[in-house]
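Chemist: Here it is: the structure, laid out below.
The values are calculated or read from the model by the stated rules, or taken from the named source; none is laboratory data. Everything quoted here is computed from the prediction, not taken from an experiment. All Cβ positions, even for glycine, are placed from backbone atoms using ideal geometry, and neighbour counts span all protein chains on display. What goes into the accessible areas is simple: the full protein's heavy atoms, side chains included, and nothing from ligands, DNA or RNA. Shrake-Rupley method; radii C 1.70, N 1.55, O 1.52, S 1.80 Å.
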Amino acid sequence: MREIITNGAQETIQLGKSLGEIAGPGDVILLDGDLGAGKTTLTKGIARGLGISRPVKSPTFTLIREYQEGRLPLYHMDVYRLENGGAEDLGLDEYFDGDGVSVVEWSAFITDLLPLDYVRIQIERTGQSDDARRIQISAQGNEYERYENVAWHSRKDN
């Protein structure tokens, strides 16, 4: 497991960009954290790292947003509204087994549908400031260890 502290939305986006740059086809990235922790902010950076320039919005009400114009498609999922079930009908395995990168917010609500291998990213406020976040990256499966070793340092560019 790797722990990183970001000090604002731009640093969280920059970390996401670094993650998107190393993402491969069929990767599944799980984002967990409280409301407002920064899951969608990190996803914006992942999109940048994939070469996606259009704005990334939370898919809270649509459940899944697809972005096709990057070097790999991005499938951004917010399964919070599936707390009481219904995910079985979405065909999530087609996304997980596909050629894009699946980013799943609130993955605890679909644990029975998740693939065996993935990277889990836990985001939480540090309590040190309103903008600081503790981000823990842990790999489930050897092929995801590259996420724990992502080359990143705090920087204000991009």
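Chemist: Between a first residue in segment 14-35 that is basic (Lys, Arg) and a second residue that is not in a helix (DSSP H, G or I), which pairs have beta carbons less than 8 Å apart while being 6 or more apart in sequence or on different chains?
Modeler: 17/158
Chemist: Related question: Can you name every residue in segment 7-21 that is out of contact with any Gly (no Cβ under 8 Å at 6 or more places or on another chain) and surrounded by 20 or more Cβ atoms within 10 Å (Cβ to Cβ)? Working first, answer last.
Modeler: Let us first name the residues in segment 7-21 that are out of contact with any Gly (no Cβ under 8 Å at 6 or more places or on another chain), namely 7-8, 10-11.
If the condition is that a residue be out of contact with any Gly (no Cβ under 8 Å at 6 or more places or on another chain) and surrounded by 20 or more Cβ atoms within 10 Å (Cβ to Cβ), then 11 is the only one that fits.
Chemist: Name every residue in segment 36-49 that is crowded, with 19+ Cβ neighbours inside 10 Å and either in a loop (DSSP other than H, G, I, E, B) or without any contact (Cβ under 8 Å) to a residue 60 or more places away in the chain (or both), in order of residue number.
Modeler: Answer for segment 36-49, where residues must be crowded, with 19+ Cβ neighbours inside 10 Å and either in a loop (DSSP other than H, G, I, E, B) or without any contact (Cβ under 8 Å) to a residue 60 or more places away in the chain (or both): 37, 38, 41, 44, 45, 46, 47, 49.
Chemist: Would you pick out the residues in segment 102-116 that are open to solvent by less than 60 Å² (accessible area, probe 1.4 Å) and either among the basic types (Lys, Arg) or in contact (Cβ under 8 Å) with a residue 40 or more places away in the chain (or both)?
Modeler: Hits for segment 102-116 are 102, 103, 104, 105, 106, 107, 114, 115.
Chemist: Now a separate question. I need a count of the residues in segment 50-95 that are among the β-branched types (Val, Ile, Thr), open to solvent by 60 Å² or more (accessible area, probe 1.4 Å) and at pLDDT 90 or above.
Modeler: The number of residues fulfilling the criteria is 0.
Chemist: Which residue is surrounded by the fewest Cβ atoms within 10 Å (Cβ to Cβ), if the candidates are limited to segment 117-151 and must be under 17 Å from residue 24 (Cα atoms) and charged (D, E, K, R)?
Modeler: Initially, segment 117-151 is screened for residues under 17 Å from residue 24 (Cα atoms), giving 117-121, 137-151.
Next, only the ones that are charged (D, E, K, R) stay: 117, 120, 143, 145-146, 148.
Values: 117: 15, 120: 20, 143: 14, 145: 12, 146: 16, 148: 14.
Ranking the qualifying residues of segment 117-151, first place goes to 145.
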